[in-house]
Amino acid sequence: MTEPATIATAGTVPESTTPERKLSWTESIRVYLEPASLRMLLLGFSAGLPLLLVLGTLSFWLREAGINRSTIGHLSWVGLAYGFKWVWSPLVDRMPIPLLTRALGRRRSWLLFSQIIIMAALVSMALSDPQMGLSPIVWSALAVAFASATQDIALDAYRIESADTAHQAALAATYQTGYRIAMIWAGAGVLWIAARAETAGATSYEQGAWQTAYMAMAASMLVGVLTVFLSPEPVHRVLAPAKNAAEWLKGALIAPFADFISRYRWQAVLILALIAIYRISDVVMGIMANPFYVDLGYTKDEVALVTKVYGVVMTLAGAFVGGVLSMRFGVMRILMLGAILSAATNLLFAWLAAHGHDLTALIFVISADNLSSGIASAAFIAYLSSLTNVQYSATQYALFSSMMLLLPKFLAGFSGEFVDAFGYGEFFSATALLGVPVILLIWLASRAKMHVSPR
C-alpha cells in the first residue's frame, strides 16, 4: 500500500516532485531529543492537565461531597467545549491579543492567555465548596474547559507550524506523552494529594483536602507557562490586513474551510468521513469500560493501578512506537495498522467478559488495547497535521480534531442501552465491527490520487 506524496506534504511544506529521503532508525529515534520535541512534551503536559479536572476527577470530588449522580452527569456537559472549539478557532488563528501578541507573537500569546485563565479558574474551583452551592464551581469548570480548548487550538497550530511534515509524527508522540503524564497527575495525583491532606483518622468529607489538591494542580500549569516564555515563536506568516469587518470575517471564517475544499476537491468528502469515524471503536467502547470493570468485580485499587497508571504507560509506549513507525514507513500505513489493532483489541474485552474477574487477564487486555491506542493516535494526529494549510492551521486542525469526536460521542450515548439489551460480550464485539468501515476508508484514501491545488 503506497502513501500518496501529496498527503504527506500538504500540511506544512510546498509540494515537491523530489522524493523525500527515508530516515534511518537512528535518525527517527534521535528526533525525540530535538528541542522542538522536548518543548512539545512540556506543552503536552499543560494541555492534558485540565481535562480530568473538569470531568473525571471533578465527578469523584462532587460525589464525595454528596452531590447526586444525576447532577454530576449533567455537569459533564462542560466537556462539550472541546467538541465545538472549531467555532472560535478562527479568532485564535487571526485575532491578536493587545500587548501580548506584540510581545510574544500570535501563537505564544494565545497559549499564555489561555494558561493564565486555566490557572485562575482552577484556583476558583479550589476555593469553592460544592456543599455550599454548585454555581461557583460550575462557572469555574466552564472557564477551565473553554480556556483549555482554546489552549488546544493554539497549541495544535504551534506544533504544526514548528516543524515540517516529516517531523510531525514525532511531535505528536511527544505531545501525547506529556498529555498522558498530565492525565496521571490530574487523575491519580489529585486523589493522592487529597488523601494525604485529610485530617488523620477523618471519615467524612473534607473540603480543605480538595482545596489543597486543586491548588497544586493550578500551580502545575506553571510548566506550560514557563515553556511558552522559553520557546521561540514559529515563523510568522504575514497576513494582509483586512479592509473591513466583512473582509476579516471572510478571511477568518470562510477562507479556512474553502481552502480545504479547493485543495482536495471531491477527495475532501473521503478525508472528512475518515476523520469523523477513525476513533469510533475506541470512543464508543470506552464509555462502558469503567462500568464493565465494576460489574466484573475489580476493586478501585486494581482499576486505578492497571488502567490509570499502567494503561497510560502502555499508551505512551504505543505513541512512541507509532511516531517512529510513521516516520519510517509512512503515516498511511501506520494509520491502517492502528485502525486494525484498535478494532481487534475490542474483541479482547469480549473475551474478558466471558473469562470473568482475573487481574492477569485484565493486564493483558489493557496492554494490548492501550498500546494499540497509542499507535493509532500518533499516526492519526500526524495525518491530521499533514492536511492543514499553515495559513489556517489553528482553524483547520480545530475542525478536524472536533469532528473526530462528535459522531463517536453521539453513538456512545446509547452504549448503556445496548449493554442492557445484549450484554458486554456482544457490545464489545459490535464496537470491533465499527472499525470495518474505518479500514475501508483508509484503503480508499491511500489509493486515491490527491490532487492538491497550490497554496
Subject >> Residues (surrounded by fewer than 16 Cβ atoms within 10 Å (Cβ to Cβ) and hydroxyl-bearing (S, T, Y)) located in the range 117-148 >> reply: S135
**OP:** Considering every residue within the range 100-108, establish whether at least one is assigned to a loop (DSSP other than H, G, I, E, B) and either among the polar types (S, T, N, Q) or farther than 30 Å from N68 by Cα (or both).
**Re:** yes
**OP:** Would you mind stating whether T57 is crowded, with 17+ Cβ neighbours inside 10 Å, assigned to a helix (DSSP H, G or I) and modelled with pLDDT under 80?
**Re:** yes
Original post:
Any idea which residue in the range 344-382 is farthest from L434 (Cα to Cα), counting only those that are in contact (Cβ under 8 Å) with a residue 24 or more places away in the chain and not in a helix (DSSP H, G or I)?
Top reply: H357
Subject >> Hits in the range 411-437 (condition: over 22 Å from G338 (Cα atoms) and aromatic (F, W, Y)) >> reply: F414, F418, F422, Y424
Original post:
Which of the residues that make up the range 42-69 are more than 22 Å from the chain's Cα centre (by Cα) and not hydrophobic (A, V, I, L, M, F, W, C)?
Top reply: R63, E64, G66, N68, R69
**OP:** Looking for whichever is part of a helix (DSSP H, G or I), hydrophobic (A, V, I, L, M, F, W, C) and modelled with pLDDT under 70 here; the options are L274, L239, L270, L253. Which one fits?
**Re:** L253
Original post:
For the range 127-235, list the helices (runs of 4 or more DSSP H) that sit wholly inside it and hold at least 3 residues that are over 30 Å from G330 (Cβ atoms); which are they?
Top reply: 135-161, 190-197, 207-220, 222-230
**OP:** Please find, within the range 314-329, the residue that is nearest to I381 (Cα to Cα) out of those that are surrounded by fewer than 20 Cβ atoms within 10 Å (Cβ to Cβ) and in contact with a helix residue (DSSP H, G or I) (Cβ under 7 Å, 6 or more places away or on another chain).
**Re:** V321
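The values are calculated or read from the model by the stated rules, or taken from the named source; none is laboratory data. Predicted model only: the values in this text are computed from it and were never measured. For neighbour counting, all protein chains shown are included, and Cβ atoms are generated from backbone atoms with ideal geometry for every residue, glycine included.
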